[in-house]
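The values are calculated or read from the model by the stated rules, or taken from the named source; none is laboratory data. Keep in mind that this is a model prediction, so the values were computed, not measured. Virtual Cβ from ideal backbone geometry, glycine too; neighbours counted across all protein chains shown. Accessible surface areas use protein heavy atoms only, side chains included; no ligands, DNA or RNA. Shrake-Rupley method; radii C 1.70, N 1.55, O 1.52, S 1.80 Å.
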Amino acid sequence: MSQIAINFQDAQKAFLILKTLDKDKIAGFLEEMAKQIDAIRDDLIPTAARESHLPEGRITGELGRTLGQIRLFSALVAEGSWVEATIDHPDPDRKPAPKPDIRRMLKALGPVVVFGASNFPLAFSTAGGDTVSALAAGCPVLYKAHPAHPETSRMVAESIKNAVRISGLPKGTFHHIEGGIDTGQELVAHPLAKAVAFTGSYRGGKALFDACNARENPIPVFAEMGSVNPIFVMEGYLADRMDAAAAAYASSLSLGVGQFCTNPGLIFVPRSQEETFAAAVVDQLKEVAGAPMLHEGICHTYYQALETLTQSKKLKWLLHSEETDVLTGNVALAKIKASDWLADEAFQEEVFGPFGIMVVYEDRDQLHALAEKLKGQLTCTIWAEEEELQSSGDLLHLIEEKCGRLLFKGVPTGVEVGHAMQHGGPFPATTDSRSTSVGSYAIKRFARPVAYQDMPDSLLPEALKEGNPMAILRKVDGVWVNY
Ligand code: NAP
């Protein structure tokens with residue numbers, strides 16, 4: 001039997017034990033996990049910075065975000081209402097047939113496979129949002145480490161394992177697995193795997209999605225893939241704030257050497273303002289020094305993508321950038337006429353790095369056409385005055401159809417971790433637009449509804465017992481109550 005098969009057997013055993021645990025036990029385990037990771041911060045921060053080439057300040061911030069997100073899930077589990085307990089009482093006198101007692105809640109799926117991301121060595125990796133939301137739901141995790149930060153991953157994995165031991169959870173609750181594509185494929189093919197979470201390239205995410213749909217028993221894949229996060233600029237907005245808007249765009253585009261899934265790689269600008277705006281953006285971007293990218297592969301892919309785009313006669317380069325060494329990412333900016341952009345979907349593809357395309361449109365009709373042509377995105381941003389958007393017909397609704405998060409007058413980089421956040425959009429941004437990989441709602445990916453019909457109270461899960469021993473918010477006979 002392969003090591004992965006043994007890990008799955010352990011995970012399945014752990015799953016059956018986790019199902020029996022009190023919510024406070026899981027919440028306490030998550031608290032302990034945060035404590036254990038925080039305890040190694042002095043070694044973890046320099047290790048993650050060295051392996052990812054990200055500055056220590058950024059890693060320190062990311063560690064804070066990671067710990068905060070673990071504690072968010074701990075609090076969510078301790079509060080308990082996330083299971084959506086719903087009760088319809090029986091009516092034995094109903095005619096023509098008696099009405100049964102039906103009670104439904106969300107239950108953990110089972111062992112989950114998680115693929116870490118290269119661009120967030122902490123917050124989207126070993127103890128990142130995918131792992132933690134799966135554990136919070138009560139699902140054991142088989143974590144496929146990202147090869148770009150192996151030592152960081154091992155250190156965090158040890159902290160999680162310590163927390164498992166200290167909290168008295170079964171050993172199979174968490175597995176840290178290293179390997180390449182074959183390992184990943186073996187993980188998602190295993191019959192005991194019940195779901196997959198992934199953050200990375202379209203190619204990787206789509207390959208995993210296809211593999212899981214081709215299984216004898218298909219399983220859900222929550223893959224967060226590419227997004228170009230367009231900003232729709234309308235005339236009224238730029239009129240009063242040309243320089244501030246240019247500075248905001250340049251800063252968001254180049255933040256973290258453009259290596260964010262929310263990087264605004266597309267901006268739609270009216271022709272009447274495009275020259276002034278482009279000049280102001282270029283002035284800002286010229287001041288941005290090149291900086292190391294996450295790894296040589298990502299850097300090489302970035303310049304290859306720019307090289308491919310350079311072959312196109314349709315693009316006019318406002319700021320071109322050359323590969324100076326194996327790691328440095330330099331900013332680049334190009335512009336294109338809306339009619340040319342509309343004619344070729346290649347201009348919608350994510351270029352992972354500090355590169356943007358400015359699409360110059362003629363009028364409102366063309367702006368509508370751009371919104372219609374756009375593929376699914378994590379985010380769309382609108383830079384407009386309230387009144388001009390109100391008078392733009394169905395533009396707002398059209399844009400809303402294309403994204404998971406719709407921003408007004410901001411920039412898409414910077415994803416708040418909270419209860420209301422949505423980080424996931426229509427395909428190809430993700431493989432399931434109904435889900436988020438950031439924020440507490442992410443837990444819903446790893447649970448499924450189960451209804452119990454005419455089940456004696458003693459056999460029901462605590463969340464559904466008549467007396468509400470967990471004191472959680474429930475929907476009883478159509479009314480929200482907490483008693
Ligand atoms: P990736 O190549 O998609 O890899 C992510 C993880 O998935 C790695 O552990 C990788 O394993 C595994 N994997 C990839 N293809 C697989 C397959 N066919 N079967 C099984 N496992 C597979 O992402 P990356 O290495 O982080 O970066 C590469 C590119 O991804 C970037 O240039 C960028 O375009 C994109 N990216 C996008 C985002 C985003 O948030 N949208 C974030 C990061 C990266 P191995 O590495 O072991 O092969």
Checklist entry - Which of (1) touching a Cys at 6+ places or on another chain (Cβ under 7 Å); (2) within 13 Å of the ligand (Cβ to nearest atom); (3) over 30 Å from Ala289 (Cα atoms) is the odd one out, the single condition Ile219 does not satisfy? => result (2)
Item to check | Test: residue in the range 69-79 that is modelled with pLDDT of 95 or more and in contact with a strand residue (DSSP E or B) (Cβ under 6 Å, 6 or more places away or on another chain) | outcome: no
Item to check | Residue count, the range 162-202 (criterion: assigned to a loop (DSSP other than H, G, I, E, B) and open to solvent by less than 10 Å² (accessible area, probe 1.4 Å)) | outcome: 1
Next on the checklist: Can you go through His146, His175 and tell me which one is away from the ligand (no atom under 13 Å from the Cβ), more than 18 Å from Arg445 (Cα to Cα) and under 23 Å from the mean Cα position of the chain (by Cα)?
Outcome noted: His175
Checklist entry - Within the range 96-124, can you find the residues that are under 26 Å from Asp457 (Cβ atoms), without any contact (Cβ under 8 Å) to a residue 12 or more places away in the chain and not small (Gly, Ala, Ser)? => result Pro98, Lys99
Checklist outcome for this item: Scanning the range 229-251 residue by residue, those buried (at least 24 other Cβ atoms within 10 Å of the Cβ) and either at pLDDT below 95 or within 16 Å of the ligand (Cβ to nearest atom) (or both) turn out to be Asn229, Pro230
Checklist entry - Can you name the number of the only condition in (1) within 16 Å of the ligand (Cβ to nearest atom); (2) hydroxyl-bearing (Ser, Thr, Tyr); (3) crowded, with 20+ Cβ neighbours inside 10 Å that Thr413 fails? => result (3)
Checklist entry - Can you tell me which residues in the range 322-345 are polar (S, T, N, Q) and closer than 18 Å to Tyr249 by Cα? => result Asn330
Next on the checklist: Asn162 - would you say it is more than 24 Å from the chain's Cα centre (by Cα), more than 15 Å from the ligand (Cβ to nearest atom) and without any contact (Cβ under 8 Å) to a residue 60 or more places away in the chain?
Outcome noted: no
Item to check | In the range 306-323, the residues that are open to solvent by less than 50 Å² (accessible area, probe 1.4 Å) and either of a type in the set (D, E, K, R) or modelled with pLDDT under 95 (or both) | outcome: Ser321
Checklist entry - When both residues are 6+ apart or on different chains and their Cβ atoms are under 8 Å apart, which pairs have a first residue that lies in the range 204-219 and is modelled with pLDDT of 95 or more, and a second that is more than 14 Å from the ligand (Cβ to nearest atom) and among the β-branched types (Val, Ile, Thr)? => result Cys212/Ile219
Item to check | Tally, over the range 203-213, of residues that are open to solvent by less than 20 Å² (accessible area, probe 1.4 Å) and either near the ligand (Cβ under 6 Å from one of its atoms) or assigned to a loop (DSSP other than H, G, I, E, B) (or both) | outcome: 1
Checklist entry - In the range 10-31, is there at least one residue being assigned by TED's automatic domain parsing to the domain that holds Pro111, within 20 Å of Ser125 (Cβ to Cβ), out of contact with any Gly (no Cβ under 9 Å at 6 or more places or on another chain) and not in a helix (DSSP H, G or I)? => result no
Next on the checklist: Among the numbered criteria (1) crowded, with 16+ Cβ neighbours inside 10 Å; (2) not in a loop (DSSP other than H, G, I, E, B), which one does Glu387 miss?
Outcome noted: (1)
Item to check | Residue that is most open to solvent (accessible area, probe 1.4 Å), among those in the range 433-476 that are in contact with a strand residue (DSSP E or B) (Cβ under 9 Å, 6 or more places away or on another chain) and of a type in the set (S, T, N, Q) | outcome: Gln453
Checklist entry - Hey, any hits in the range 25-39 for a residue that's over 26 Å from the mean Cα position of the chain (by Cα) and surrounded by 14 or more Cβ atoms within 10 Å (Cβ to Cβ)? => result yes
Checklist entry - Filter the range 254-264 for residues that are at negative phi and within 15 Å of the ligand (Cβ to nearest atom); which is surrounded by the fewest Cβ atoms within 10 Å (Cβ to Cβ)? => result Leu255
Checklist entry - Is it the case that Val233 is on the phi < 0 side of the Ramachandran plot and β-branched (Val, Ile, Thr)? => result yes
Checklist entry - Which of the residues belonging to the range 121-161 are part of a helix (DSSP H, G or I) and among the basic types (Lys, Arg)? => result Arg154, Lys161
Next on the checklist: Given the criteria within 30 Å of His53 (Cα to Cα) and either in the same structural domain as Leu44 (by TED's automatic domain parsing) or over 21 Å from the mean Cα position of the chain (by Cα) (or both), does Glu79 qualify?
Outcome noted: no
Checklist entry - Restricting to strands (runs of 3 or more DSSP E) lying wholly in the range 42-120: which have 2 or more residues that are out of contact with any helix residue (DSSP H, G or I) (no Cβ under 6 Å at 6 or more places or on another chain) and surrounded by fewer than 23 Cβ atoms within 10 Å (Cβ to Cβ)? => result 86-88, 102-108
